Structures are given as C-alpha cells and as structure tokens.
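The values are calculated or read from the model by the stated rules, or taken from the named source; none is laboratory data. Fair warning: this is a prediction, and the values are worked out from it, not measured in the lab. A quick note on method: Cβ atoms are made from the backbone with ideal geometry, for glycine too, and the neighbour counts reach across all protein chains shown. Note: areas computed on protein heavy atoms with side chains; ligands, DNA, RNA excluded. Shrake-Rupley method; radii C 1.70, N 1.55, O 1.52, S 1.80 Å.
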Amino acid sequence: MIAESAHLNHRSVDLIQRFHEDCELRGVASTIDYVNRTKEFCAVLEARGSNPLDVTKDDLRAFLVRLKKRRLKVTTIDRIFSCLSAFYEFLIVEELVEYNPILPFRKYYLRRYKKDNDSEIRKLISVEDAARLVNSILDTRDKCILVLFFKTGMRVGELTSLDVDDIDLEKGVITLKHTKKRSNRVLYIDNEAVTVLSKWIAARKNRGGSECPALFLNKSGGRIAKRGVENMTKKHAERVGLYDANSRKLEDKFTPHCCRHWFVTHLIRRGMPRDFVKELRGDVRGEAIDIYNHIDRKELRESYLAHIPQLGV
C-alpha cells in the first residue's frame, strides 16, 4: 500500500473494499496486487479532484505519465492498467458505471507503447542449458514449476491459478482456467512432466496448506503468487549463470516468460508445423481463417510428444 492511500475518502475506500471482497469471492490469484494498484489509482484521482466513477481521459493520461516517470517496465505498466480494467469491470457489474474506460485507453496508448519496446531481445537458452537449470534444482516444487513452464509454454498467471484438480496425470493433460488471452485451455504434458508433477503432488501432501486447492503453495501454505514464481525463477537462474542481476539488458535476464519463448522456438526448430505451434501457444484467434481451421487433437498431441525437447529429469 502506498502512502497516498491513507488519504482516500470514504467513498473510494468503500469501493476498494467491495472490489477486494469480489476478487476473493471469484478466487482471483493476485487479489492484493489488484487492490493495491486500484488504491494508487484512486489516490491519484483524488489528488486531481476527481474520482473513479467520473474518470476522464485526462485523468488516465496523467496517471500514465506518472507511471512512466517512475521508469517502470512496459510489462509492469500494462499490468497496472489490466488491474484497473478489472476494477471497472466490477463497477459495471455493480451498475455504478456504464462502460470500462480502461479498454479504449489501453488499446490506444499501451498497445503501441508495448510494441515499440518489444524490440528488446528476450533471453533464449539452449535445451542443454534448460536441462542444466531444472536438474540443478533440489526443491520438488521449484523443479516442477520450471519443468511445466518449459514443457507447456504457459504464462505465469496461468500457472499460479492452477488447482490440483486441473491435473490429469493418467491422460497427461492440464486444464487451464478460462482467460481472454488464450484460445485453448487443454495443454499436453509428456512423461517427464508427469514424473515431476507426480513427485510434487506426493510431496505437497506433507506441506502446510495441503488442504488448499491450489496446485503450487507458498511457504505460508497459500496459493503461490506471480511475484513468488518470478523471484524463484530468478534465484535458480542466477545460481547457474543464466541471470545477470547487474545487467540492464533484457537478454541477460532469464524469466518465466523466457520459458514460453523457449517452448515455441525449440518446437519450431525441431520441425513442428507452425499451425500446431500456434495452437499449443494458445494465442487468441483473431482471423476467420484461424477460427475455421480445426486441428485434429489426436494428431496435435502426437506431434507435441514427438517434438517437445527432453530435459533428462
């Protein structure tokens, strides 16, 4: 919570509290992040003499300028506006506003902003380095998380929202929660991923919080957060020389998103048809040809098992 949040008026505090309760009711994995970002936004609005129910484009532009002056990463700024969008979707449901002002603003300002910064090269490691990384990890949970990232290309938020019931070890599939960013919810896993998942699920029973539905638990026995996954990945990557904490270049830092980049790149390099790679990546289908291009699931699974790199776990 930032200092400004202490100066929020009673109306804003009430809205944020109701938003907090709504997030918890819906099982939002990053509730605290959503709430804190909303508090900061509301504090800035009040400093401008405005409020969240009557926000203007000038208010949003002023908030964006404020964030950019802090030299935040592009992904962080986009994440903040994603949290605000969720807040306004809540206000729509509560019939307090008629539309979500974040959507058109984000599309006009942030998408272009994001694309302009995508020229930075993300770190791509070899299959050998990926194997060296995961096999250097002794903790069962941490090893399982990294293996799943490499084997499925799932996003951090998709992983943290997984429940134990979403895993079918017998069929070798993982069912993700529904999101607007993904077209497919069923991901395939090979024998290596099944092995590490089996070990983690067995070890999980002896850890605090085992009654929690979340697949991956934090030290307190609750659902692991995105920041926890990011810090864990950085710790192990830095230990084996894949993360340079002193460099400001993106290509010198191995992050969970690098696993998604690794997943796509190495499947393509091993000869998997691009349509299959695109389907496994789960990009939202935007063109009519994508919508009508039905892929045989059996063939897709067989191709995945034939092309996914092995890590020797």
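Take the conditions under 30 Å from residue 61 (Cβ atoms) and either over 16 Å from the mean Cα position of the chain (by Cα) or of a type outside the set (Val, Ile, Thr) (or both) and apply them to residue 187. Does it pass? Judged against the criteria, residue 187 is not a match.
In region 20-39, the residues that are farther than 19 Å from residue 212 by Cβ and free of Cβ contacts under 8 Å to residues at least 24 places away in the same chain form Cβ pairs under 7 Å with partners that are surrounded by 14 or more Cβ atoms within 10 Å (Cβ to Cβ) and of a type in the set (Val, Ile, Thr), at six or more places apart or across chains, as follows: 20/31; 20/35; 35/16.
Yes/no per residue for (1) open to solvent by 20 Å² or more (accessible area, probe 1.4 Å); (2) in a helix (DSSP H, G or I); (3) modelled with pLDDT under 90; (4) within 22 Å of residue 226 (Cα to Cα):
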position	(1), (2), (3), (4)
63	no, yes, no, no
67	no, yes, no, yes
72	yes, no, yes, yes
80	no, yes, no, yes
98	yes, no, yes, no
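The residues in region 128-165 that are closer than 21 Å to residue 205 by Cβ, open to solvent by 30 Å² or more (accessible area, probe 1.4 Å) and part of a helix (DSSP H, G or I) can be counted, and the count is 5.
This table checks each residue for (1) of a type outside the set (D, E, K, R); (2) over 20 Å from residue 161 (Cβ atoms); (3) touching a Cys at 6+ places or on another chain (Cβ under 6 Å); (4) assigned to a helix (DSSP H, G or I).
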site: 19; (1), (2), (3), (4): yes, no, no, yes
site: 41; (1), (2), (3), (4): yes, yes, no, yes
site: 50; (1), (2), (3), (4): yes, yes, no, no
site: 91; (1), (2), (3), (4): yes, yes, no, yes
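All told, residue 121 falls short of being at pLDDT 85 or above and over 18 Å from the mean Cα position of the chain (by Cα). State whether the residues of region 14-28 include one that is closer than 21 Å to residue 104 by Cβ, under 24 Å from the mean Cα position of the chain (by Cα) and open to solvent by 70 Å² or more (accessible area, probe 1.4 Å). No.
Residue 202 meets the conditions (1) within 19 Å of residue 136 (Cβ to Cβ); (2) exposed (fewer than 14 other Cβ atoms within 10 Å of the Cβ) in every case but one. The failed one is (1). Restricting 266, 261 to those that are surrounded by fewer than 18 Cβ atoms within 10 Å (Cβ to Cβ) and within 23 Å of residue 188 (Cα to Cα) reduces the list to 261.
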